[in-house]
Amino acid sequence: MAYQSIENYGIIGNMRTLALVGMNGSIDWYCYPYFDSPSIFGAILDDNKGGRFQICPVGDQVRHKQFYWPSTNILVTRFLLPDGIAELEDFMPVGLAADSPWYHHLYRRIRCVRGAVRIALICRPAFDYGRKSHETLPAANGVIFKSGSLTIALSGAVPLEQDGQGGVDAEFTLEEGKSQVFILRSQGTEGSVPYPPSEREAEELFQNTVKFWHNWLSGCTYHGRWREQVQRSALALKLLTFDPTGAIIAAPTTSLPEVIGGTRNWDYRYTWLRDAAFTVYAFLRIGFRDEAAAFMNWIENYPSKHFDPKAPFPVLFTIQGDSLIPERTLEHWEGYRGSGPVRIGNAAASQFQLDVYGELMDSLYLYNKYVSPIS
């Protein structure tokens, strides 16, 4: 399977982690449970060994279109075939209680809009950036993947067969108006896989997620030109915020190259004070004050606890406020379209970059001006 163009990916998330979904219906990047956790699916960095979770029609003459459900971060991938149309809805539930187990779910619903469409599913994880092996355990309502202390379950009403490569696959036909729901979730110590949600439960989950994003976006005060594009940018930036601490990451991925075949491939799943200051400014300009307040709380409660006043101020931090981020190379992965090396961690954390003082002060200034007086 050839690499997808980077622009062919949409993102879904829950302000804890993110997944990249290609126009071919393949999740090729997904870290769990957080942005900077090891990946479970990483085919964007190694097409053969990275791991993927793909749902797509069977056929050669398939045209693709990808878009977001209006004013949300629910991604819709449409497949147009000569004799049918199918749509794949992808999202992570949001707007729940902080301890809700639904934050650890990834929801996928494939629907047949017209005709009858043959659908193929492949779920082949590669735990810990493909460095750890795993067990594949069939269960009544799906399959369990177990690797060390991490266990995830894929539930669905379609029979799954082991593919001999540590994953499972399936083929099934959807008639017009019919759908199938698949849920990928963390699994406790119990050995059974919960039954997937019913049609009614699935629709309720979908509508609650739509409502959350609509409610959040209603706080946007921008009414100038290109309003739809501004709001879409705001929705993307919101996905880069880490709700439990208020941190703002620079990007959801690591090691995508500046140029194909180049070696400038860095891990950006951390909080750069420079990028975060610009993001805070963008949020405040269009009315989102809570995100700026959360970022200031993160500064106060996380990086300040790790800061050494005798050392230069760090350029970047983890979402937990740590500035010790050792950089490693994953020699077993080839990189996006052969653009190695693949790196995790970032040695820039130890660099001295004088501009971070100005960006930190700018964030404090903006918060003080637009949100509330600083202490």
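The values are calculated or read from the model by the stated rules, or taken from the named source; none is laboratory data. Because the structure is predicted, anything quoted here is derived from the model rather than measured. Here the Cβ is made from the backbone with ideal geometry for all residues, glycine too, and neighbour counts use every protein chain on show. Accessible surface is based on the protein model in full, side chains and every heavy atom, while ligands, DNA and RNA are left aside. Shrake-Rupley method; radii C 1.70, N 1.55, O 1.52, S 1.80 Å.
Below, the figures for the structure above:
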| read-out | value |
| --- | --- |
| Label-point separation in nm, LEU96 to SER149, each point 7 Å along Cα→Cβ | 2.2 nm |
| The chain, relative contact order [Cα under 8 Å, separation at least 6], % | 13 percent |
| Between region 60-86 and region 198-243, the alpha-carbon center distance in angstrom | 19 Å |
| Carbon/sulfur fraction of accessible area - the chain, other protein chains in place, 1.4 Å, % | 52 percent |
| Helical mean residue ellipticity (222 nm; -39500 (n - 2.57) per DSSP H run of 4+; nearest 500) of the chain | -6500 deg cm²/dmol |
| Exposure rank, largest accessible area first [ILE144, ILE6; 1.4 Å] | ILE6, ILE144 |
| For region 173-315, accessible area per residue (1.4 Å probe, heavy atoms of protein chains only), Å² | 51 Å² |
| Among ALA139, ALA126, ALA153: highest mean-square fluctuation, GNM of the chain, C-alpha pairs under 10 Å | ALA139 |
| Pair LEU364, ASP60: separation of 7 Å Cα→Cβ label points (nm) | 6.6 nm |
| Whole-Å distance, taken between Cα centres, linking region 103-127 and region 325-375 | 34 Å |
| For region 46-199: relative contact order, % (alpha-carbon pairs under 8 angstrom, 6 or more apart) | 23 percent |
| Assigned charges on the beta-carbon of Lys, Arg, Asp, Glu; the chain dipole about Cα centre (debye) | 600 debye |
| Accessible area (Å², 1.4 Å probe, nearest 10) - ASP322 | 50 Å² |
| Among 15-24, 156-165, the order from most to least packed when residues are scored by Cβ within 10 Å on average | 15-24, 156-165 |
| Residue (of SER5, VAL76, ILE110) at the positive-pole extreme of region 1-124, dipole from beta-carbon charges | ILE110 |
| Global geometry of the chain, whether rounded, prolate or oblate, following the gyration tensor of its Cα atoms and the 1.5 cut on a/c | prolate |
| Rounded, prolate or oblate (a/c below 1.5 giving rounded, otherwise prolate when a/b exceeds b/c) for region 3-138 by Cα gyration tensor | oblate |
| Two-site label geometry, HIS306 and ALA2: point separation in nm, points 7 Å out along Cα→Cβ | 4.1 nm |
| Solvent-accessible heavy-atom area per residue, rounded to whole Å², over region 53-149 at 1.4 Å | 42 Å² |
| Nearest-10 value in Å² for the accessible area of SER218, using the 1.4 Å probe | 90 Å² |
| Region 217-290: trypsin sites (Lys or Arg not before Pro) in DSSP loop, at most 16 other beta carbons within 10 Å | ARG225, ARG264 |
| For region 143-152, 3J(HN,Hα) per residue [Karplus equation, 6.51 cos²θ - 1.76 cosθ + 1.60, θ = phi - 60°, Hz, x = Gly/Pro] | 8, 10, 10, 10, 9, x, 7, 9, 10, 10 |
